[in-house]
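Scroll down for the structure; my scribbles are underneath it.
The values are calculated or read from the model by the stated rules, or taken from the named source; none is laboratory data. Note that this is a predicted model, so its numbers are computed, not measured. Cβ atoms come from the backbone with ideal geometry, glycine included; neighbour counts cover every protein chain shown.
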Amino acid sequence: MTISETLMLNLFAGMLASFAAGAAGALLAARWPRASRLAGHSFALLGALFALALGLAGLAGGALKVSVTQILPVGGVALGVDHLSAFFILVLAVAAVPSALYAIGYTREYEGRYSIAGMGVALNLFLASMALVVMARNALTFLALWEAMSLASYFLVMTEKDDRETERAGWLYFVMTHAGFACLLVGFLLLSQAARSMDFASWHAAPVTGATRNVIFILLALGFGSKAGVIPLHIWLPQAHPAAPSHVSALMSGVMIKLGIYGLVRVGFDWLSGGPAWWGIAVLLVAAVSAVLGVLYALVEHDLKRLLAYHSVENIGIILFGVGGAMLFQTYHLPALAGLALIAGLYHTLNHAVFKSLLFMGAGAVLHATHTRNMEEMGGLIKRMPQTAVFFLAGSVAIAALPPFNGFISEWLTFQSLLLSFQIPDKAINLTFALSVAALALTSGLAAACFIKAFGISFLALPRSEPARNAREVGLSMRAAMALLAVACLVLGVAPFAVLRLLSKTTSELLGATPDMQFTWNRIVAGGSFATVSPLWIAVALAAMLASIPIGLRIVRANTARRYYETWGCGRAMQTARFEYTATSFANPFKRVFSVLYRPVKELAIEFHPESRFFVRTISYSNEARSIFDDAIYGPMNRMLRAFAERVRLLQSGNVNVYLLYILVALVVLLIIAR
Amino acid sequence: MTVRILVEAIQLLIMALGAPLLVGSVRKLKARLQGRRGASVFQPYRDLRKLLVKEAVISENTSWIFRFTPYLVASVMLLSSLVVPMLSTRTPLGFTGNIIVLMYLLLLATFFLALAGLDAGSAFGGMGSSREMIIAALAEPTVMIAIFAIALRVGSTSLDEIVRRGADDSLLLLNPGHLLAFVAFFIVALAETGRLPVDNPATHLELTMIHEAMILEYSGRHLALIEWAAGMKLFLFLTLLSNLFFPWGVARTLEPLPVAIAFAALALKVGALAAAVAILETSIAKLRLFRVPELLSGSFTLALLAVISFFFVR
């Protein structure tokens, strides 16, 4: 099937027009919050649907070239679509369609409290800039859109601006995103200078060698890595994502941080296309650290949304295992394996967009119903919000990479590509891969434990607080959005062939070789006959077994009666929620085993009765994990920055004459340099 | 086609019917080693029958997760009996998944068991879930690295392929990497199936239980399914240990005679491993929970050494 350029142009125009209409509608109806909410989010939904069509058409081979030279200097605005861009537009759309649908119901609560019009404008701008940034075809266009995306998301994070915590989160996000932007800017300028062009197309063959090449890689990796939220550049992520409204958290975790991955893939396989082995090793190292530490921090976190945010750090790590592996395979001239590893990474990118959006929406539904993000105050929600519970469970099983859901397929592919590394004839590299395998395995085990905590403590057993006891199921638009994503989790896990076909085209285009993988509608074979899986058959066989066991029980004439009675409590008369295991106690063994990392601070304060030590008035116990990154990196950096700022303040005397002197000196110096 | 279905049916029956016998035999041998007479090796069958005629008492606080889990756990074990090469290297459904798929299916069962442990709202269940998961999570790297070691040796992660190429290799046991991987996998198998020194299957003291604490609220047919599944998991791991590492006697074809020989060989090998488990359980004490990570990191080191030795020997 050939896709005409006219169709692509129409879809593109439709998408932009919808987002523009959404922003304009939300703004014009600012006085009527209800109308503003409906206009802003309905048009965002329409635009997301156009984006979905655009992404699919682009992956089917549609091309697009838009260039407006009048707007920006040096080449103007240049946009285009290749397979990789189209794939990321698809990733955006897959999360954006349900998010916009969800927002229609979710933002009702915000009416009269926060600016609905501001949210509508920022959301549409955010979606449009994310869709456009992956289409950018020259440096200035990319940077302008990247900044627009960062600012729009900053305003969305600041929605609940009265909260002090939000204010702090927003500030941290603002600083980190601009530090990343500065790295990107310098990297882009260096690369443009070497290629003598700002055009991305000419960068591929740019004669960049030696130290410059490494410097460019490091700068761009830092810039894109800070957006992706890799450790140690992650500190903004667990603050900013939970502070935003839940549909925005879904978009930030599901899509925005993936654009960092997009950038890294562009750098590694397109702009610089291949580098020394240490690039790949560095990416694998960052992947391992992000994955393992991300999930470990998630385990001790009891704020449901922040827990999910830490899992985004972890999943970025899992994606980077694929990307880093692909970089190393390319260094050692194994393009077929590089293709397999890159497919694994990109498939996980899509999967993570699906299940993380689902989980954030589930957390949002819980927040909507109980008005708390603290898991210790939840419990028993499966009886009060049965549908939300099923959707959240689907997302939990998917993110824990268990069959037959989608996370399993991409993690399986990642494992195979890492295992196949024995084809590289270098023992040090082999060992790096072996340790990566171990790190990924540990991550997946810990992720399963963490989602048992997240689902088990929040949804199962007895409610731990009054709001949790009175929780009600959420509205239709929110449930519909979650249902869409839960079904997508299952479909992408049972029938992965459609996406694999698109991805194998994408990686072939990027790497110039077909990936080392065959697949049919019911089977995936990786690395010759190295590994096979038939997700569909597994799902069918599991369902068949599940159906046959009750029949078997009938045949052996088992007693099928059931009686409901109290939970056994060692003979205590009544069970209350206070007997339940809490999130803190669930996480405690992990805290003890990994205490080197958490450096837990325990405090036990007991107030005794003044008459006798045997009567206790109050006991308070606190057990907090400290972040080694705050202590070791950001704390000292912050202090240094402050000390430096104190010195620089001397320049700022407040005397206009002195300022004029500065300007004169600067001008003279510039003239001398530029001569 | 008929032969294939027949072979799968035989494997299913071996697993389903053999598991209680295996559990009974281990218990019997342990009793003898400890100087007791012990119950008959068929006692687990009687226990299961007893549980099946009793009604299930379910906690009022639980949800559908609690009732669904026993069925899922048993289904996963039955499904894995179809995928694992028990008798021949031509397991008809072997193509549905490699060894990593198998490990993730087992993790799926553990995931739901741990959720069910939290479902009743009892402190014991939560404690069991939390402890079970830290052991499962810490065992995961060893499992994968041991798989890596095997994959390096045979160049494949398909279960059938591992067994076939292992059977072709006559000098298998002289390979240090192979033996290291075996020991690592054996320790993990003990942890995964809740045996000493990680967990004590015979304990009924709440504070030391792990797996038993997690399933404390179960009764009737649900408990029967879970006990049966636990037996099958032990059977599965002993089968994997014997056929992946000592692939002697496994049939290369689906002819009746080789399959019959393979059956006898399987019974011998699993029996020998079961005896090893019984002797081990009699001679060592349970480790403190917070010493278990040390044991598991030891097994991880062994597995990693296995991988390294393959890189340097090849």
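Odds and ends about this structure:
- Any hit, the range B:202-224, residues being surrounded by fewer than 24 Cβ atoms within 10 Å (Cβ to Cβ), among the hydroxyl-bearing types (S, T, Y) and more than 10 Å from every other protein chain (Cβ to nearest Cβ): yes
- Residue that is surrounded by the fewest Cβ atoms within 10 Å (Cβ to Cβ) [pool: residues in the range A:421-432 that are more than 9 Å from every other protein chain (Cβ to nearest Cβ) and part of a helix (DSSP H, G or I)]: A:A428
- A:P467 being over 21 Å from B:M103 (Cα atoms), in contact (Cβ under 8 Å) with a residue 12 or more places away in the chain and surrounded by fewer than 16 Cβ atoms within 10 Å (Cβ to Cβ): yes
- Filtering the range B:161-197 to residues that are of a type in the set (D, E, K, R) and more than 10 Å from every other protein chain (Cβ to nearest Cβ) leaves B:R164, B:R165, B:D168, B:D169, B:E192, B:R195.
- Residue within the range B:226-240 that is modelled with pLDDT of 90 or more and either among the polar types (S, T, N, Q) or assigned to a loop (DSSP other than H, G, I, E, B) (or both) present: yes
- Selection from the range A:383-401 of residues that are over 21 Å from A:P496 (Cα atoms) and either buried (at least 24 other Cβ atoms within 10 Å of the Cβ) or touching a residue at least 24 places away in the same chain (Cβ under 8 Å) (or both): A:R384, A:M385, A:P386, A:Q387, A:T388, A:A389, A:V390, A:F392
- Selection of the range A:452-487 for residues being of a type in the set (A, V, I, L, M, F, W, C), more than 8 Å from chain B (Cβ to nearest Cβ) and out of contact with any Phe, Trp or Tyr (no Cβ under 7 Å at 6 or more places or on another chain) yields A:A454, A:A468, A:A471, A:V474, A:L476, A:A480, A:L484, A:L485, A:V487.
- Only residues that are in contact (Cβ under 8 Å) with a residue 40 or more places away in the chain and at the interface with chain B (Cβ under 7 Å from one of its Cβ atoms) were counted in the range A:402-415, giving 4.
- When the range B:33-67 is filtered for residues that are surrounded by fewer than 16 Cβ atoms within 10 Å (Cβ to Cβ), within 14 Å of chain A (Cβ to nearest Cβ) and of a type in the set (A, V, I, L, M, F, W, C), the ones remaining, listed by number, are B:V53, B:W64.
- Filter result for B:S25 (in contact (Cβ under 8 Å) with a residue 12 or more places away in the chain, in a loop (DSSP other than H, G, I, E, B) and either among the β-branched types (V, I, T) or surrounded by fewer than 24 Cβ atoms within 10 Å (Cβ to Cβ) (or both)): no
- Residue among A:G75, A:G80 that is in contact with a helix residue (DSSP H, G or I) (Cβ under 9 Å, 6 or more places away or on another chain), assigned to a strand (DSSP E or B) and among the small types (G, A, S): A:G80
- Exactly one residue out of B:G126, B:G117 is touching a helix residue (DSSP H, G or I) at 6+ places or on another chain (Cβ under 6 Å), crowded, with 23+ Cβ neighbours inside 10 Å and more than 7 Å from chain A (Cβ to nearest Cβ): that is B:G117.
- Residue list for the range A:589-600, filter: at the interface with chain B (Cβ under 9 Å from one of its Cβ atoms), free of Cβ contacts under 8 Å to residues at least 24 places away in the same chain and not β-branched (V, I, T): A:P589, A:R592
- Flag for B:P70 being more than 7 Å from every other protein chain (Cβ to nearest Cβ) and not in a helix (DSSP H, G or I): no
- Tally, over the range B:267-314, of residues that are within 21 Å of the chain's Cα centre (by Cα), surrounded by fewer than 17 Cβ atoms within 10 Å (Cβ to Cβ) and among the aliphatic types (A, V, I, L, M): 10
- The lone criterion from (1) away from chain B (no Cβ under 11 Å); (2) at pLDDT below 80; (3) surrounded by 11 or more Cβ atoms within 10 Å (Cβ to Cβ) left unmet by A:E603 is number (3).
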